[in-house]
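Student: Okay, here's the structure, questions in a sec.
The values are calculated or read from the model by the stated rules, or taken from the named source; none is laboratory data. Computed from a predicted structure; not experimentally measured. Here the Cβ positions follow ideal geometry from the backbone for every residue, glycine too, while neighbour counts run over all protein chains shown.
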Ligand code: ADP
Ligand code: MG
């Protein structure tokens with residue numbers, strides 16, 4: 001099996017509290033993998049361990065077969081692991097296209113060259129336009145980032161993350177704060193990303209999860225309860241028990 005991202009016996013303790021309990025996660029290359037579980041199950045903690053934002057108490061994080069446990073966040077990004085961050089003020093003041101060009105420039109090592117007009121690098125412009133096309137954002141390319149609806153802003157954040165050319169993209173509740181009327185479209189755009197990008201995402205809306213995912217891992221009390229196809233997960237009595245009548249089956 002070709003795995004993009006794995007953990008081995010990953011443990012994270014906060015004092016005496018075990019937030020991540022011997023997690024062995026296997027995310028296949030090209031997967032649309034969802035991480036689900038009740039509030040406080042440790043989903044965000046696990047993502048933070050994967051990105052290097054948090055250091056594990058013990059265990060390993062394996063990116064494309066390499067142990068990256070000792071690497072910092074930036075080094076993991078360089079090796080192809082990206083996550084989204086909320087649009088910062090700098091980007092909010094720019095147009096959508098300018099924001100993505102800045103992010104592409106950053107990867108190309110051109111940095112934020114304010115003394116040159118943004119877009120002075122034709123290759124970066126081309127790449128930014130392609131990213132906007134992929135995420136169906138071309139129609140708002142020249143709108144100020146801050147003027148857009150929440151759902152579109154989340155997509156821009158994903159475009160900014162994709163500008164780093166990641167092989168693995170981690171999304172922690174990308175639809176949080178997005179009105180239901182926009183979340184379906186947001187997920188369709190995420191699902192339509194090229195399969196070269198492996199996606200691991202946290203989402204609590206089971207409708208969205210079952211529409212999107214081809215693999216689901218269920219985290220409970222910091223430990224992986226099970227992993228499987230949406231069908232297997234929907235029919236798993238252990239999972240049903242955890243969700244106590246919640247609409248796991250969509
Ligand atoms: P989820 O994202 O699944 O809702 P979290 O990973 O945010 O869960 O949290 C899992 C558990 O770890 C929670 O009980 C939370 O209170 C605890 N926790 C998370 N971060 C910290 C921290 N920095 N210090 C202490 N406890 C934490
Ligand atoms: Mg969380």
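Student: How many of the residues making up region 129-152 are crowded, with 19+ Cβ neighbours inside 10 Å and touching a strand residue (DSSP E or B) at 6+ places or on another chain (Cβ under 6 Å)? Spell out the reasoning first.
Tutor: Quick first cut of region 129-152, residues crowded, with 19+ Cβ neighbours inside 10 Å only: 131-132, 135, 137, 140, 145, 151-152.
With touching a strand residue (DSSP E or B) at 6+ places or on another chain (Cβ under 6 Å) added as a condition, the list becomes none.
Residues that pass the stated criteria total 0.
Student: Moving to a separate point now. Out of the residues in region 154-174 meeting the condition of being in contact with a strand residue (DSSP E or B) (Cβ under 6 Å, 6 or more places away or on another chain) and within 16 Å of ligand 2 (Cβ to nearest atom), tell me which one is farthest from residue 64 (Cα to Cα).
Tutor: Looking at residues that are in contact with a strand residue (DSSP E or B) (Cβ under 6 Å, 6 or more places away or on another chain) and within 16 Å of ligand 2 (Cβ to nearest atom), I get 173.
Student: Only one of (1) under 22 Å from residue 173 (Cβ atoms); (2) surrounded by fewer than 21 Cβ atoms within 10 Å (Cβ to Cβ); (3) in contact (Cβ under 8 Å) with a residue 24 or more places away in the chain fails for residue 53. Which number is that?
Tutor: Against the list (1) under 22 Å from residue 173 (Cβ atoms); (2) surrounded by fewer than 21 Cβ atoms within 10 Å (Cβ to Cβ); (3) in contact (Cβ under 8 Å) with a residue 24 or more places away in the chain, residue 53 comes up short only on (3).
Student: Could I ask something else about it? Give me the residue from region 98-128 that is under 17 Å from residue 154 (Cβ atoms) and at pLDDT 90 or above and, out of that set, surrounded by the fewest Cβ atoms within 10 Å (Cβ to Cβ).
Tutor: Initial filter on region 98-128 (under 17 Å from residue 154 (Cβ atoms)): 99-100, 103.
Right, trim to at pLDDT 90 or above and you get 99-100.
Working: 99: 26, 100: 29.
The selected residue is 99.
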